[in-house]
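A.B. asks: Below is one structure. I have some questions about it.
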Amino acid sequence: MSTEAPATEAAAPARKKKPLLLIVAAVVVVALAGAGGFMFMHHGGKGAKSEPARVALYFALDPSIVVNFQDDRAIRFLQVGISLMAYDPKAIEAAKAAEPRIRNALLLLFSGQKYDTLVSEQGKLELQKQALQQVQDVLHQSPGQPGIDALYFTSFVIQ
């Protein structure tokens with residue numbers, strides 16, 4: 001019996017060391033993860049500057065534009081509600097200041113259209129592109145530059 005007693009006494013200190021080592025290792029891992037997270041959150045964003053969220057601004061050309069145009073069979077009317085969209089507030093201000101010139105350019109564009117073209121979706125999309133180009137030309141802008149980024153038809157009635 002005396003040979004068994006020293007073996008159990010030696011095993012008891014080894015068992016006490018294992019849980020202590022696991023606890024110390026867990027504390028070190030948690031501390032390193034916390035320090036890494038802190039460094040990432042407080043210093044990671046300073047190196048790479050993020051762009052501020054772009055907010056779309058709208059300007060409605062009110063009242064709607066109404067034009068008549070000649071069809072082979074009859075005189076037709078077109079009523080179009082238009083909103084301009086830009087991300088730059090200066091572009092919206094420029095559009096407001098140039099509204100009479102914009103309306104004039106769009107009136108001339110719309111009155112030259114053909115009924116058969118405007119009744120198709122493709123025709124409306126093409127007219128939308130042409131109208132945006134007219135607005136950009138009035139404002140002396142190139143496509144893709146800061147300024148009026150889009151033109152939307154908010155209503156479209158043909159009679």
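Here, each number is a calculation from the coordinates, and none is a lab measurement. Note that the coordinates shown come from a computational prediction; the quantities given were computed from them, not determined experimentally. Virtual Cβ from ideal backbone geometry, glycine too; neighbours counted across all protein chains shown.
A.B. asks: Roughly speaking, what is the stretch gain from ALA25 to ALA74, that is 0.36 nm per residue apart minus the C-alpha to C-alpha distance, in nm to one decimal?
C.D. replies: Result for the pair: 8.8 nm of gain on full extension.
A.B. asks: Still on this structure, please answer the following. Can you work out the FRET efficiency for the pair SER111 and SER83, with r the C-beta to C-beta distance and R0 = 22 Å, to the nearest 0.05?
C.D. replies: 0.60
A.B. asks: Stick to Cα atoms and the Kirkwood definition of Rh, then tell me Rg/Rh for region 100-159.
C.D. replies: 0.97
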